[in-house]
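Taken together, the values in this text are just the output of simple stated rules run on the coordinates, not laboratory data. What you see is a predicted model, and the numbers here were worked out from it, not measured in a lab. Note: ideal-geometry Cβ built from the backbone for every residue, glycine included; neighbour counts use all protein chains shown.
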Amino acid sequence: AITYESLKAQLEKHDGLIENLSISIDRWLVPPNMRKEEDTFWKKVTKLIPYQMSLPYLKNNYVYLSFLLAYIAINLGLFISRGLEHYNLGSNGLTIAARACGQCLNFNCMFVCVLVLRECITYLRSMGGASFLPLDQHLYLHKLCGILIFIYSVVHTIAHLINFAVNIVPATGPGQVNEEGWTYTEWILTMRPGLFGLVSGIANPTGVALMVILTVMAVCSLPFVRKSGYFEVFYWTHLLYIAFWALCILHGPHFWKWFVIPGVVFLIERIHRSVKMRMGSGKTYISSGVLLPSKVIHLVIRRPPQFHFHPGDYVFVNIP
């Protein structure tokens with residue numbers, strides 16, 4: 001160890017040492033003037049490329065991106081194959097568009113259910129399924145699937161409405177589809193014509209109901225509703241999925257074939273979660289709470305017995 005007086009005496013023996021130390025400290029505190037090098041043409045081009053298309057992003061998210069490409073390919077395949085099928089049958093363009101979108105709706109209205117099978121997703125994650133499936137992005141994919149469902153539904157609905165007005169209702173001659181002369185309103189809002197749907201005539205009125213339900217769910221799922229203090233609006237309107245899937249089964253004659261397996265698994269999961277909740281599984285208590293600025297509440301919650309968790313897991317907290 002050295003005292004202050006001894007250090008001062010040593011520094012005074014060497015002229016200029018204190019001055020040089022002062023200059024060095026100034027250089028540490030004040031950053032030097034760095035000459036900015038001009039970007040090369042290649043660097044300017046790479047800056048224009050979004051990060052999601054960069055090589056590091058592609059390497060880190062190849063599982064998710066591969067799955068996303070497969071999902072897009074399935075939608076394109078279903079759309080094109082259904083469109084070609086009706087094109088070969090001699091259908092008009094409106095019918096082709098409506099039927100192609102309808103086939104994609106069969107798949108997506110089933111797949112949106114698969115993406116919220118929480119217990120199955122948790123089990124797959126525990127078994128290492130995240131190495132080949134984008135399990136951590138399932139909520140984003142659920143939102144993407146919902147957006148596609150809404151877009152397909154709008155095109156499907158508009159194409160059918162125009163087709164009925166232009167081609168179906170005027171076809172009142174003998175042997176034609178509207179031989180009995182049903183009005184446009186009767187075709188769209190009633191079952192009287194007795195055509196289309198799992199139950200004859202039910203397709204059009206259920207289609208109207210489905211479009212109303214889907215619009216309510218889509219609007220109430222937007223960020224300005226969920227993140228502006230009205231989360232309950234999103235939660236309760238999202239429960240319309242029960243009526244939505246029930247009407248989908250009645251609306252399309254083949255949708256039940258797509259939906260039966262994921263629908264049964266979803267029902268089993270819901271029953272299992274309800275039984276666990278009724279039995280008090282996972283019940284715990286709040287040890288303390290602190291009200292923080294910006295409407296933030298800090299809660300200390302006791303961990304329930306037999307509650308085990310792993311990295312990547314999440315928990316839904318229900319505070320009455």
Nearest-ten-degree value, helix 93-114 long axis tilted from longest Cα axis of the chain: 50
Label corresponding to log10 I(q)/I(0) by the Debye sum over Cα atoms at q = 0.07, 0.11 Å⁻¹ when calculated from the structure given, among (1) -0.36, -0.83; (2) -0.42, -0.81; (3) -0.51, -0.93: (3)
Separation of the TYR123 and PHE224 label points, Cα + 7 Å toward Cβ, nm: 4.2
Positive-pole candidate from LEU247, LEU48, ILE74, dipole of the chain, charges at beta carbon: LEU247
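Taking R0 as 51 Å, what's the FRET efficiency between VAL290 and THR190 from their Cβ-Cβ distance, rounded to 0.05? Numbers along the way, then the final one.
Details: r = 59 Å, r/R0 = 1.17.
For VAL290 and THR190, the calculated efficiency is 0.30.
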C-alpha long axis of helix 255-278 to longest principal axis of the chain, angle in °: 50
C-alpha long axis of helix 4-13 to longest principal axis of the chain, angle in °: 70
Paramagnetic reach from PHE316 in the range 245-265 [backbone N under 19 Å; point 7 Å along Cα→Cβ]: 245-246, 262-265
Cross-link pairs beyond the 30 Å C-alpha cut-off, checked among LYS143/LYS295; LYS59/LYS227; LYS227/LYS283; LYS43/LYS143; LYS47/LYS227: LYS59/LYS227; LYS43/LYS143; LYS47/LYS227
Net lengthening on full extension, LEU299/LEU68 (0.36 nm per residue, minus Cα-Cα): 79.4 nm
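Ranking LEU210, LEU189 by Cβ neighbours within 10 Å, fewest first, what do you get? Don't skip to the answer; put the middle values down first.
Values: LEU210 24, LEU189 12.
Starting with the residue having the fewest Cβ neighbours, the order is LEU189, LEU210.
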Distance (nanometres) between label positions extended 7 Å along Cα→Cβ at TYR57 and VAL275: 4.5
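By the gyration tensor of its Cα atoms, with a ≥ b ≥ c the square roots of the eigenvalues, what is the shape of the range 184-262: rounded for a/c under 1.5, prolate for a/b over b/c, or oblate?
Numbers: a/c = 4.10, a/b = 1.84, b/c = 2.23.
Because a/c hits 1.5 or more and a/b fails to exceed b/c, the range 184-262 counts as oblate.
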Mean residue ellipticity (222 nm) of the chain, computed from DSSP H runs ≥ 4 via -39,500 (n - 2.57), nearest 500: -19500 deg cm²/dmol
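Which FRET efficiency value, to the nearest 0.05, do you get for LYS43 and ILE80 by plugging their Cβ-Cβ distance into 1/(1 + (r/R0)^6) with R0 = 45 Å?
Details: r = 40 Å, r/R0 = 0.90.
Efficiency at R0 = 45 Å is approximately 0.65.
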Residues whose placed amide H lies under 5 Å from that of ILE301, excluding near-sequence neighbours: SER287
Segment ASN88-VAL264, extension gain: residue separation times 0.36 nm, minus the distance between their alpha carbons: 59.8 nm
Cα pair distances in the range 238-290, grouped into 10 Å bins until the bin that holds the longest one, percent each: 19, 34, 23, 15, 8, 1
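So for HIS238, HIS272, fewest C-beta neighbours within 10 Å to most, what's the order?
HIS272, HIS238
Could you line up TYR184, TYR123, TYR71 from fewest to most neighbouring Cβ atoms inside 10 Å?
Numbers: TYR184 14, TYR123 11, TYR71 18.
The most exposed by this proxy come first: TYR123, TYR184, TYR71.
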